[in-house]
Structure formats: structure tokens, C-alpha cells
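Notes follow the structure.
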Amino acid sequence: MDVVITILAAAVRSGTPILYATLGEIITEKSGILNLGLEGLMLMGALTGFSVSQLSGSPWLGIACAFIVGAGISLIHAFLSITLRANQVVSGLALTIFGTGASSFFGQRFVGTTIPGLGRVPVPGLSDIPILGRVLFNHDLLVYISYGLVAFLYWFLVSTRTGLNLRAVGDTPRAADAMGLSVSRYRYIAVLVGGGIVAVGGAYLSVAYTRMWTELMTAGRGWIAVALVIFAIWHPARAAMGAYLFGGVVAFQLRLQAAGTSIPVPLLMMLPYLLTIAVLVFITIRQGKGILFGAPGSLGQPYFREEG
Amino acid sequence: MSVRIRVERRLTQPVWIEAFIPLFSIVMALVTGSIFLAVLGAPPLQAYNAMFRASMGDWLGIRDTLVKAIPLMTAGVGVTLAFKMSVWNIGATGQIIIGALATTAAVRYVYVDNRFVMFWLMFLAAVLAGGGWAAMAGYLKARWNVNEIITTLMLNYIALQLLYYFVYGPWRDPASLGFPMTTPFPPAARLPFLGTGRIHLGLIIALVLGVIFWLVFRFTRWGYEIRVMGESPRTARFAGMDYVKNVVLVMFLSGAIAGIAGMGEVAGLTGRLQHGFTAEYGYTAIIVAWLARLHPLTVILVAFLIGALHVGGEVLQIVMRLPLASTQMLQGLILFFILGGEFFRRYRIRFHTGEKE
């Protein structure tokens with residue numbers, strides 16, 4: 001029993017970076033823009049979070065800076081895909097390639113160093129609940145913030161005027177435009193905020209999870225998040241489910257490794273990726289077309305008014 | 001009086017813009033890159049000079065560049081094929097690895113001491129394995145419309161773990177003192193070198209593939225159909241073209257070609273499979289294909305230029321102690337500028353002065 005609780009708690013921790021990335025991408029995609037640069041954004045977020053934490057001594061300043069850098073790099077994608085109407089798939093890939101390269105380029109001097117990072121803050125009262133307390137409420141603050149973000153995002157998309165407008169922009173930009181909404185402005189803000197949140201997911205990895213910086217440390221988590229957005233049918237709560245499922249698989253295989261299993265490590269390391277494919281296939285086959293949640297109608301298509 | 005800016009679609013594309021945009025993009029990327037180099041305290045002009053001299057300054061440099069360009073050309077042609085159909089095969093990396101694994105398997109399990117026979121055995125293994133690996137993602141897309149970007153990417157990570165499994169496990173050379181690598185391939189399983197350098201037969205294969213697919217897209221009905229399916233799936237459907245069948249076929253061919261690139265790396269260049277065997281080329285091949293605007297012959301040329309960038313990046317690492325990732329960062333920047341430049345190919349900006357008309 002104790003082992004199960006440990007694994008579940010570890011699942012939450014290792015699922016958190018993926019959760020942030022998935023939530024960030026949901027915001028971005030709800031506006032109709034596809035951002036495939038998650039892997040690059042997470043790496044830049046991880047490096048920024050780590051380096052600023054180390055230099056300033058403040059992990060929270062590191063995380064704030066990761067958000068800013070994530071939003072800043074996403075601006076490139078926003079400009080290319082919204083203003084210049086470029087191919088969003090290729091622009092996102094460019095972002096991943098650039099972010100991967102730039103993080104290794106600037107991160108070289110930080111390789112092999114560590115930081116104290118974010119500490120554990122058990123929630124008074126809640127952490128004493130049997131089982132659930134240890135699984136959910138015995139983590140660092142960034143984990144609790146992610147719970148709040150899930151709830152906030154759900155409320156925002158369903159119940160607020162701005163959330164409704166954002167969905168309109170992503171589904172039928174022409175109609176949103178006719179309603180007097182600025183399609184470009186909504187999209188820019190969504191891409192920037194979304195990118196910032198993705199980068200916070202990266203920062204969680206280096207500032208709270210491993211507390212060190214390693215080249216390519218995201219190991220495909222950004223791409224797993226892209227798949228999870230589809231799994232979640234753009235629904236924040238389902239995103240959390242998916243992220244913890246993946247966190248669970250990672251925690252489980254690490255546990256097996258530590259226990260010295262006879263299964264070769266590389267085969268264990270494949271599990272999350274295999275699971276991603278399996279989940280994606282499963283969800284694509286039986287995807288219901290929800291009205292509220294589901295793929296934004298004009299995801300990936302540039303919008304512009306024909307003038308003159 | 002007011003000035004209004006209007007964006008208009010270009011009806012015709014001037015010739016100068018075709019050459020200007022790529023060149024401008026590369027220059028702008030280098031200018032931006034110089035800022036990053038300066039941040040790390042490396043004098044940019046000196047760095048670029050070293051890169052250019054090492055990669056294209058003399059025959060030795062050109063030879064190194066060609067060696068680097070071989071997998072980029074090959075995989076670039078493969079990626080181009082899929083992208084033509086708007087099938088986003090991001091999995092060249094994994095397909096290269098699988099091709100190399102299959103080549104090694106052929107050498108280990110069906111070795112024949114005859115250079116000609118062995119070549120075709122390895123070739124067949126690489127083609128079937130690389131193609132089959134990619135066709136899995138193609139089938140999932142064709143059958144259930146599963147997003148191929150994600151499946152091909154996940155297959156990259158899985159292929160990488162498979163590589164680790166074999167070079168750390170059953171295929172590790174007992175005499176390698178713990179290094180994760182196989183025993184060297186016997187001479188009959190090596191691709192012949194051309195001339196004195198490390199340029200191997202893979203170069204000829206890459207050139208032939210480039211020409212073949214240029215001819216296919218230029219002159220055959222099938223090539224035309226692939227292009228129509230890529231540009232306008234609706235039109236293709238109304239014209240009765242079989243999208244489902246062709247997705248699988250195109251993915252197979254695309255992966256098979258990447259597999260051949262993998263064969264070239266192990267049987268041509270290194271002569272053994274090893275941990276350090278890099279398949280990052282798979283991602284670079286995407287850049288190559290896009291810079292070449294999905295033209296198979298241009299791919300060859302662009303692959304050479306990007307190969308030069310790789311050689312230059314290695315020199316920066318050795319001479320100026322800069323991280324090898326500078327190459328990748330510059331590639332990302334080039335791609336950004338190329339994408340931005342596309343806008344000016346398709347649209348023009350006009351400034352109107354005076355009253356509202």
C-alpha cells in the first residue's frame with residue numbers, strides 16, 4: 001500500500017510539467033493557432049527557470065522569468081502564423097528546433113550544477129487526509145497552482161465572456177470578426193499566455209523536479225503534451241487526468257528500474273511513448289464531437305480579411 | 001492626407017524574389033546568430049570566418065561537408081516526398097535509426113562474404129525496416145486519421161530506445177571495453193568509398209534518389225496526384241484519387257529513403273553501430289526539405305549548405321569552445337526567416353496615400 005501511495009504521489013509530481021504544457025497548449029489552440037514548439041518552449045523554460053534561480057537565489061523569480069521567456073519566444077510563432085500567415089506546422093517545428101538549440105547553447109555552463117529548488121509545502125489539514133493527503137497535498141506550491149489553473153481555465157472557457165470570445169475566434173474567426181472581435185488580438189494573447197504556461201512546465205522540471213539542468217532534459221514531454229491536448233479533447237480537467245496517467249507510467253518505470261528489474265532499462269523507457277501512441281489511437285477512433293469542448297473549428301488555419 | 005497600408009495577394013511572382021528570399025533569410029539568421037555568439041563572448045565575424053573556411057574553404061573542407069550532407073540529402077528527399085502530400089512525417093530520425101538497426105541485423109544474421117550481394121541485402125533490410133516503421137504511422141493516419149505528427153515523433157523516441165537496447169545489450173562488442181558499440185562490420189559489408197576521403201557510395205545513392213523523385217514529380221501521373229492530394233484533398237477526392245492507399249505508400253517510401261540514409265551512416269561512414277550514432281539529421285532533413293521548397297533537386301543543394309553549417313558548428317566547438325548546439329540554433333533561425341519571407345512571396349504591401357477612394 002505504501003508503495004502505491006508513493007507511486008501515486010510521484011505520478012502527480014512527474015505529471016505536473018506535462019500538465020502545465022498541456023494547459024498552455026489548450027489555451028493556444030482554443031484561439032485556433034497550433035503551436036508545435038512545446039518541446040523547445042519547455043527546454044527554454046527549464047533553462048531560464050534553472051539559471052535565474054541559481055543566479056538570483058530565488059526559484060520564484062526563475063519561474064516568473066521562464067514565463068516571460070516562453071511568452072517572448074512564442075511571440076515569434078505568433079507573428080509568423082498570425083501576421084505573416086505562415087505554415088503553423090513548420091513554424092512550430094522551427095520553434096522546437098530553435099528552442100532546443102538555444103537552450104543547449106546557453107545552458108552549457110550550467111550543466112552539472114544543482115540548486116536547492118522549490119521545497120515541499122504540505123497543505124495544513126488537507127495533507128493529513130489518509131492516502132489522498134499524501135498523494136495530492138504533500139507537494140511544492142507549483143503543484144497546487146496547477147490544480148488552481150485547471151479549475152480556473154475550465155471556469156474561464158465555460159463561464160466568462162472573454163473565454164466565450166476566445167472559443168469563437170478559434171472556431172469561426174469570420175463570425176467572431178463580424179461580431180467586432182479582434183481575431184488577431186485574441187490569438188496573439190492566447191499564443192503568448194499559452195507559451196508562457198508551457199515554459200513554466202519546463203521550469204517545473206528543472207526547478208522543482210530534478211533541480212538541475214541537463215541538455216534535452218524534457219525528453220519528448222512537449223510532444224506528449226501535444227498528444228494529450230487531443231486526448232483531453234481540449235478540456236482542462238481531462239488534461240489533468242492524462243498528465244497524471246503519464247506521470248504514473250514514468251513513476252512506475254522509474255520504480256521498476258530502482259528495484260533492479262531484469263527488464264532492460266531502454267525497454268522501460270519506451271513505455272510513455274508507446275502509451276502516447278496507444279492513447280492517441282484510442283481517442284481518435286472514438287472521439288465524440290462535443291459542442292463545448294473539442295477541436296477548435298479552424299485550428300491551424302490562418303485568418304485574414306480579404307481587402308480591396 | 002493619410003497613408004494606408006494594404007496587403008495584397010501577388011498575382012505573379014517576380015523571378016528575383018525566388019532567389020532573394022532564401023539568401024536574405026540566411027543572411028538575417030547569421031546576423032541574429034551573431035548576437036547570440038557575442039553574448040557567449042565569441043567574436044561573430046571570426047566565428048563565421050572559421051566556419052566558412054572549415055566547411056568550404058578548400059577541398060578537404062568540401063569533402064567533410066559532402067560527408068555530412070549525404071544523410072541530409074537522402075533523408076531530405078524522403079521528407080520532401082511526404083511533405084508534398086502534406087503528410088507531416090517528422091519521424092525521419094527514427095526511420096534513420098531503424099534503417100541502421102536493420103542494416104546491422106543483416107550484417108550479423110545473414111552475412112554473405114560478397115560485396116555485391118551484401119550491399120543488396122543491407123539495402124533491402126534498411127528499406128523494408130525504415131519503410132515499415134514509417135508505414136505504421138501512415139496506416140494509423142489512413143485508417144483512423146490518427147495525427148501523424150505525434151505518432152512519427154513518438155516512434156523517434158521509441159527507435160532511440162531500441163538503439164540503446166541493442167548497443168548496450170545483445171549487440172555490444174565484448175572487446176569494446178564497455179563502450180556501447182557493435183563489432184566493426186567486415187569489409188564486404190562496407191559501402192565503397194569514393195576517392196580518398198570518407199565520401200561513400202551513399203552520395204551516389206542520394207543523387208540518384210533526388211533525380212528519380214524530381215522526374216516522378218515532374219513527369220508522372222502519380223507524382224501529379226500526390227501533389228494534388230497535398231494541395232487540395234477535396235479536389236483529389238472528387239477526382240477519385242485514392243488518398244488512403246497513397247498515404248501508406250508515401251509514408252513507406254519516405255521512411256524507406258530515410259532508412260537508406262541510416263544504412264549509409266553505419267555501412268558507409270562508421271562501419272559499426274554505436275551509441276553516438278547521431279540521427280539528429282532527421283530533424284535537420286525537415287529544414288532541408290522546407291528550405292528547398294520541396295523540390296528534390298534543390299534538396300541536394302540545400303543539404304550541401306546545411307552540411308557546411310554542421311561542419312562549421314563542429315569547428316566552432318573545437319576552436320572556439322562553443323557548444324555544438326550553435327548549429328541547431330542557427331538552423332532554427334534560418335527556418336524562422338524563411339517562413340517569414342514566404343509572406344513576401346505571396347503578398348505585397350502597398351502604401352496608399354491620399355483620401356479614401
(message) So A:Ser56 passes all but one of these: (1) crowded, with 24+ Cβ neighbours inside 10 Å; (2) free of Cβ contacts under 8 Å to residues at least 24 places away in the same chain. Which condition number does it fail?
(response) (1)
(message) Being surrounded by fewer than 19 Cβ atoms within 10 Å (Cβ to Cβ), in contact (Cβ under 8 Å) with a residue 40 or more places away in the chain and among the aromatic types (Phe, Trp, Tyr) is the filter here; which residues of segment B:236-277 pass it?
(response) B:Tyr243
(message) Out of everything in segment A:72-131 that is over 28 Å from B:Ile149 (Cα atoms) and among the basic types (Lys, Arg), what residue ends up being nearest to the other protein chains (Cβ to nearest Cβ)?
(response) A:Arg109
(request) Taking the residues in segment A:240-262 that are part of a helix (DSSP H, G or I), out of contact with any Lys or Arg (no Cβ under 8 Å at 6 or more places or on another chain) and not hydrophobic (A, V, I, L, M, F, W, C) as candidates, determine which candidate is most open to solvent (accessible area, probe 1.4 Å). (result) A:Arg255
(request) Take B:Phe304 and decide whether it is outside any helix (DSSP H, G or I) and not charged (D, E, K, R). (result) no
(request) Say whether the condition of being within 11 Å of chain A (Cβ to nearest Cβ) and crowded, with 18+ Cβ neighbours inside 10 Å is met by at least one residue in segment B:304-314. (result) yes
(request) Considering only segment B:184-291, give the helices (runs of 4 or more DSSP H) lying wholly within it that have at least 3 residues that are more than 14 Å from chain A (Cβ to nearest Cβ). (result) B:202-219, B:221-231, B:233-238, B:243-263
(message) So, in segment B:1-58, exactly how many residues are surrounded by fewer than 18 Cβ atoms within 10 Å (Cβ to Cβ) and either of a type in the set (Lys, Arg) or in contact with a His (Cβ under 9 Å, 6 or more places away or on another chain) (or both)?
(response) 8
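Residue by residue through segment B:317-340, note down the ones that are open to solvent by less than 70 Å² (accessible area, probe 1.4 Å) and either more than 9 Å from chain A (Cβ to nearest Cβ) or among the acidic types (Asp, Glu) (or both).
Listed by number, the residues that qualify are B:Met320, B:Phe337.
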(request) Collect the residues in segment B:177-186 that are open to solvent by 30 Å² or more (accessible area, probe 1.4 Å) and touching a residue at least 24 places away in the same chain (Cβ under 8 Å), keeping them in residue-number order. (result) B:Phe179, B:Met181, B:Thr183, B:Pro184, B:Pro186
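Would you say A:Val193 is surrounded by fewer than 24 Cβ atoms within 10 Å (Cβ to Cβ), modelled with pLDDT of 95 or more and under 21 Å from A:Val143 (Cβ atoms)? I'd like the intermediate steps shown before the answer.
Values: surrounded by fewer than 24 Cβ atoms within 10 Å (Cβ to Cβ): yes; modelled with pLDDT of 95 or more: yes; under 21 Å from A:Val143 (Cβ atoms): yes.
So A:Val193 passes the test.
The values are calculated or read from the model by the stated rules, or taken from the named source; none is laboratory data. In this text, all values refer to a predicted model and were calculated from it rather than measured experimentally. Ideal geometry is used to build each Cβ from the backbone, glycine not excepted, and the neighbour counts take in all protein chains shown. These area figures cover heavy atoms from the full protein model, side chains too; ligands, DNA and RNA do not enter into them. Shrake-Rupley method; radii C 1.70, N 1.55, O 1.52, S 1.80 Å.
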